[in-house]
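Presented below is the structure to which this report refers.
Read the figures in this text as sums done on the coordinates, not as results from a lab. Nothing here was measured: the structure is a model prediction, and the numbers come from that model. Here the Cβ is made from the backbone with ideal geometry for all residues, glycine too, and neighbour counts use every protein chain on show.
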Amino acid sequence: MKVLVVDDEPDVRALVATALGYAAGPAEVVEAGDGDEALAAIRDHKPDIVVLDLALPGRDGFSVLEELRRTSMLPVIVLTARGLEHDKIRGLELGADDYMTKPFSPRELVLRIQTVLRRSAPQDRRPGVLERGDLRIDLAARQVFRGTREIRLTPTEFNLLMELAQRPGEAVSHEALLTKVWGPEYRTEGHYLKVYIGRLRDKIENDPASPRVIQTVRGVGYRLALTKD
Amino acid sequence: MAAQAVRANELVRFERTFNRARLGGAAITFILGPFFPNIGLQHVVLFGTLLLLESALVALLLRSDRFVRYPERVSQAIFAIDLFVVSYAIFLFSYDPNWTTYIVGLLLVIAGGFRFASAGALGASLFMAVTYTLTALYRAQVFGFPTEPQRIAFTDTIYLLAGFLMAGLVRELGTLRAQREAFEHQRAETDALRALDKMKTDFLAEMSHDFRSPLTVVRGAIEILQSQRPGPLTERQQELTARADRNIRRLEEFSEDLLEMARIEHGAIQLERVDVDAGDLVREVVEDHRALANNRGQTIQVDGTPDTAMISADVTRLRRAVGNLVGNAIKFAPEHSTILVRTHRDDGGFSVSVIDHGPGVDRDERERIFEKFSRGRRTSGTLGAGLGLSIARSLAELHGGSIRYEDAVGGGAMFVLTVPVEIE
């Protein structure tokens, strides 16, 4: 795996590189010290995943993430030093796959990198096509269409949609969604789910403010209102 | 300087009001005067004009530089003119057999009180009493009316009593004003202290934020060393890295506490509530702390009703609140003692009590220990910044709950955290 580590502190970059060096499996580490370098490195080195510090000099991490998400669904883990809900949620809303708060354990970061990569890897689950109105979800091809236009989803977004699509019309609990999509250790991290449901609705719903496809089941979870072929 | 400006403003306000009263007086004189046939029309015109002239003079004075420079002295002069004009009116109409104009003197007692407090009220009442007495004697002698000493005594007494009452009223108003000023002063001081306190918290939060990257590097390096991936460690090296690790975690906790405190003070915490079994949450917190307790030879016993209590809580935050209580018990209770964690559910909600056999908390310190950076005097010799309880209480309160202190049976401390349970 090729990991791009973006942090303005060389010691932090070196630490992550060292930890990845001792991790199972070969890992190549590319480093960047600021936002512009990061975007250039993504272009030139085509990493598999980006570890992105949000507090960067000049162009900050949020703006890098925004720029990146315009063209790419590359997995991103953001590092935040402030540990503020606001930062974490904004990071997730801008399309980060996960976040870690400094000071973090390098071992845990490596585990998260592996989890996110595993989550993003194409999984072949129950093939089929789900439709509602002009919305079409092709589970096998991992593609979502509105009419003939494809809606681009990040791997995590697609996994979440797929988890709901496994049981169309049924309420799926918060805990089940968090465990299946993110992992058992995320069981209680409700804000991941909240942010990602919001992102999915923004992309899929005609009117995200009054969602009809992804419905909230109060106190339980969410339900996908679709008909299966 | 400020007090002088306030006084000058006050006098301007008073003089404007009194000037309106003068115009009103002139109007009454011109309008009602002709209806009193005993009063000669020439006297009505004379007095009305006199009032108008005085009013014009005061209006000019109020606009003059002199008033800005010596407001007190100008106001005194105007008051003196008032006294003489009113005395003149009393004298002017005294030939009337139904003479009653002396009643106007009471208005001057009020005006004097407003302007110059007790001195003004009492001075005016004395002046009016003298005027009345002299005029009454004059009209008796010149126009042949009866002297009626009992009437003179009565009216003079009324003047003096009015002055006395006005002086009391003004004194009372002065006390109220002093109280208000003291209160405002105190509030300004509190605001300043609060701002200073916020500055301190912000500074510490900013600092601990800057700690985070260096902390990451040190903690990470120790973790990698301890994994022995870079190479095997001798027993002595393992001991040293373990010690470094323990202390880096303390530093981390402290910096996290400072940040959390700053977030609480800024109202920046938005709870991420999920439905969770409170009993499970407490048991998990206890499990997380078992190793720490074992290090001190302590045993943690969990005891509670077996039924579950579903609550809506921010799991990280509530764990932290309970964890701070358990952590404190471990820190302050003696080695090899037992710590009891008891959960309970009733109409008041779900509560968890952490009971230890430590030194307890002195009666006079029981509220203070919940303040930030505060530590009980019986805790000397133990480590900590004194933020744990303060944070725990704030987090419990954010959940709509509370934390209180109680004496444990047989000495020791008991902290009870309560959070509301959703109605099922």
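Applying 1/(1 + (r/R0)^6) with R0 = 35 Å to the Cβ-Cβ distance of A:Glu9 and A:Thr179, what FRET efficiency is obtained, to the nearest 0.05?
Values: r = 34 Å, r/R0 = 0.98.
After rounding to 0.05, the efficiency reads 0.55.
Search the structure for amide H atoms under 5 Å from the amide H of A:Val30, placed 1.01 Å from N in the peptide plane, and list their residues when 5 or more places away or on another chain.
So A:Val30 has HN proximity to A:Val3, A:Leu4, A:Val5.
Between A:Glu28 and B:Leu196, what is the FRET efficiency for a Förster distance of 56 Å, r being their Cβ-Cβ separation, to the nearest 0.05? Provide the component values of the computation, followed by the final result.
On the way: r = 52 Å, r/R0 = 0.92.
Using R0 = 56 Å, I get an efficiency of 0.60.
Kindly state, to the nearest 0.05, the FRET efficiency for B:Tyr88 paired with B:Ala140, given R0 = 25 Å and r defined as their beta-carbon distance. Show your work: numbers first, answer last.
Numbers: r = 19 Å, r/R0 = 0.75.
Computed FRET efficiency for B:Tyr88 and B:Ala140 comes out at 0.85.
Starting from 0.36 nm per residue, how many nanometres of slack lie between A:Ala121 and A:Asn206 once their C-alpha separation is accounted for?
Values: separation 85, 0.36 × 85 = 30.60 nm, distance 2.87 nm.
Fully extending the segment from A:Ala121 to A:Asn206 adds 27.7 nm.
Can you list the equivalent-ellipsoid semi-axes of the protein assembly as shown, largest first and in whole Å, using the square root of 5 times each Cα gyration tensor eigenvalue?
Details: eigenvalues 1334, 234, 136 Å².
Rounded to whole Å, the semi-axes are 82, 34, 26.
In the structure displayed, which of A:Lys102/A:Lys203; A:Lys88/B:Lys331; A:Lys102/B:Lys372 lie more than 27 Å apart, Cα to Cα?
Values: A:Lys102/A:Lys203 31 Å; A:Lys88/B:Lys331 32 Å; A:Lys102/B:Lys372 24 Å.
The answer is A:Lys102/A:Lys203; A:Lys88/B:Lys331.
For B:Thr49 and B:Thr133 in the same chain, what is the full-extension length gain: residue separation times 0.36 nm, less their Cα-Cα distance, in nm? Each step should come with its number before you reach the end.
Numbers: separation 84, 0.36 × 84 = 30.24 nm, distance 2.59 nm.
Length gained between B:Thr49 and B:Thr133: 27.6 nm.
When a/c reaches 1.5 or more, the comparison of a/b and b/c decides; with that in mind, is segment A:4-61 rounded, prolate or oblate per its Cα gyration tensor? Write down the numbers at each step before the final one.
Details: a/c = 2.61, a/b = 1.44, b/c = 1.82.
Oblate.
With each label point set 7 Å from Cα along the Cα-Cβ vector, what nm distance links A:Arg149 and A:Ser105?
With each label point 7 Å from Cα toward Cβ, the separation is 4.6 nm.
How far apart, in nm, are the 7 Å Cα→Cβ label points at B:Asn295 and B:Arg363?
It works out to 3.7 nm between the two label points.
With each pseudo-label sitting 7 Å past Cα toward Cβ, what's the B:Leu41-A:Val129 distance in nm, one decimal?
11.2 nm
Please report B:Leu240, B:Leu281, B:Leu196 as a ranked list, fewest other C-beta atoms within 10 angstrom at the top and most at the bottom.
Numbers: B:Leu240 14, B:Leu281 21, B:Leu196 10.
The order, fewest Cβ neighbours first, is B:Leu196, B:Leu240, B:Leu281.
More than 34 Å apart: what percent of Cα pairs in chain B qualify?
Tail fraction, whole percent: 58.
Relative to the longest principal axis of the C-alpha atoms of chain A, give the angle of the C-alpha long axis of helix A:190-204, reported between 0 and 90° and rounded to the nearest 10°.
Taking the Cα atoms of chain A, the angle to A:190-204 is about 60 degrees.
Quick check for me: using +1 on Lys/Arg Cβ and -1 on Asp/Glu Cβ, what's the dipole size of chain B about its Cα centre, in debye to the nearest 20? Kindly include the intermediate steps, with their values, before the conclusion.
Numbers: 47 positive and 52 negative charges, 364 e Å.
With Lys and Arg at +1 and Asp and Glu at -1, about 1740 debye.
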